[in-house]
Ligand SMILES: Cc1ncc(COP(=O)(O)O)c(C=O)c1O
């Protein structure tokens, strides 16, 4: 099956004897005891809709199994909790700030972390210690769209027997399949493109092998219980059916918008891996089938111009998050705070699938208004 077919059929694990075409929603938290293969007991442990969601995402990433969680952070948390206490993790310097905060606060005193520039694989070995267990990659990264070479990093990590996990939220399985590039685990915040409509919170892990470490992760899922509801699983599985086509439309719009912004006198710099002058362009081209639809850019002006530009837009909501069909925009330092090192002129944009001409005309008028005296 090709990716578009997997997206539509991969989540239909229909067991109902009436043979509905679509997997029904099973809200029951408990199931009658049965001693047969495939029977279920209790929804925290297993549920038909969660099974559907895990099956389709596992197939899309080319994995052996998947574990769904109630948020992207809960998925990352399960990986960290599955590590032995006192482990050392190497993570990207431009890591999604919520995940970084999770490591720095909840895991403080339990796990050691170093945040490293993973766009330079040649310096990775300098950060590896005797207790390093995990290399956490995020590519493209949030919010600077840094590109890390998964294959090169995984090769070095494997030489040191490290586990490799990759947060592929910005890429989706449609544009990047990290397991084929050397990652052991791929993670997504399914709140983003996988949901696609800004109305479901979720996270997913997909594994290359069903090994001991994976069993530890499944144990965190089943016992710590941060699992998604059957309803959320149903809607995520439904959303995935259109994911390949949504991603094509998202990426086509983002390409045009990145070019548009790159030619604007009011813009200092555009961070989009599909632009030939982006530092990670060649690596992105080699490991992604398209460049995604997230981009950031620096306004050539002050914080007032930046906020005025955002405020004048009609079709872009000034809101955090990403991956929905509607375009979102935000001044990123508002979210990450003054100590994050993020410039006050940095705007992050999640390009939606509206008509691109409408989006560009909207930005054109907002630039004029933002720089008017
Ligand atoms: C790259 C990335 N990873 C993980 C997460 C966390 O996902 P969630 O908000 O679903 O917990 C986010 C959220 O913005 C993200 O952008």
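Among 245, 235, 281, a tally of other beta-carbon atoms within 10 Å of each Cβ gives an order, fewest to most, of 245, 281, 235. With an 8 Å cut-off on Cα pairs and a minimum separation of 6 or more residues, tell me the relative contact order of the chain in percent. Reported as a whole number, the value is 17 percent. Percent of C-alpha pairs per 10 Å bin in the range 212-355, short distances first: 10, 31, 30, 21, 7, 1.
With angles folded into 0 to 90 degrees, how steeply does helix 48-61 sit against the dominant principal axis of the chain? Use alpha carbons for both and round to 10. Taking the Cα atoms of the chain, the angle to 48-61 is about 60 degrees.
How long are the three semi-axes of the equivalent ellipsoid for the chain, computed from the Cα gyration tensor as the root of 5 times each eigenvalue, in whole Å, largest first?
The equivalent ellipsoid of the chain has semi-axes of 35, 26, 18 Å.
Each DSSP beta bridge with both residues in the range 118-254 is either parallel or antiparallel, and the antiparallel ones are about 40%.
Annotation: peptides 183-192, 63-72, ranked by per-residue average of other Cβ atoms within 10 Å with the highest first, follow the order 183-192, 63-72. Among beta bridges from DSSP that stay inside the range 7-155, the antiparallel ones total about 10%. Each of the peptides 347-355, 213-221, 262-270 was scored by the mean count of other Cβ atoms within 10 Å over its residues; in descending order, highest first, they stand as 347-355, 213-221, 262-270. Using alpha carbons only, how many angstrom separate the centre of the range 298-373 from the centre of the range 155-211? Using only Cα atoms to place each centre, the spacing works out to 28 Å. Here the label points at residue 44 and residue 211, each 7 Å from Cα along the C-beta direction, are separated by 2.9 nm in the simple model.
Most simply put, the chain has about 55% antiparallel DSSP beta bridges, counting only bridges with both residues inside it. In the chain, the longest principal axis of the Cα atoms and the axis of helix 212-224 are about 90 degrees apart. The C-alpha atoms of the chain define a longest principal axis, and helix 150-159 lies at about 50 degrees to it.
In the range 89-176, Cα pairs under 8 Å separated by at least six residues give a relative contact order of 32 percent. Protection proxy ranking for 23-34, 80-91, 145-156, using the average of other Cβ atoms within 10 Å per residue and placing the highest first: 145-156, 80-91, 23-34. Using just its DSSP H runs of length 4 or more, each adding -39500 (n - 2.57), the chain gives a mean residue ellipticity at 222 nm of -11000 deg cm²/dmol after division by all residues.
Every number in this text was worked out from the coordinates using simple rules, so none of it is lab data. Note that the structure is a prediction, hence the values are computed from the model and not measured. With ideal geometry, Cβ positions are generated from the backbone for all residues, glycine too; neighbour counts draw on all protein chains shown.
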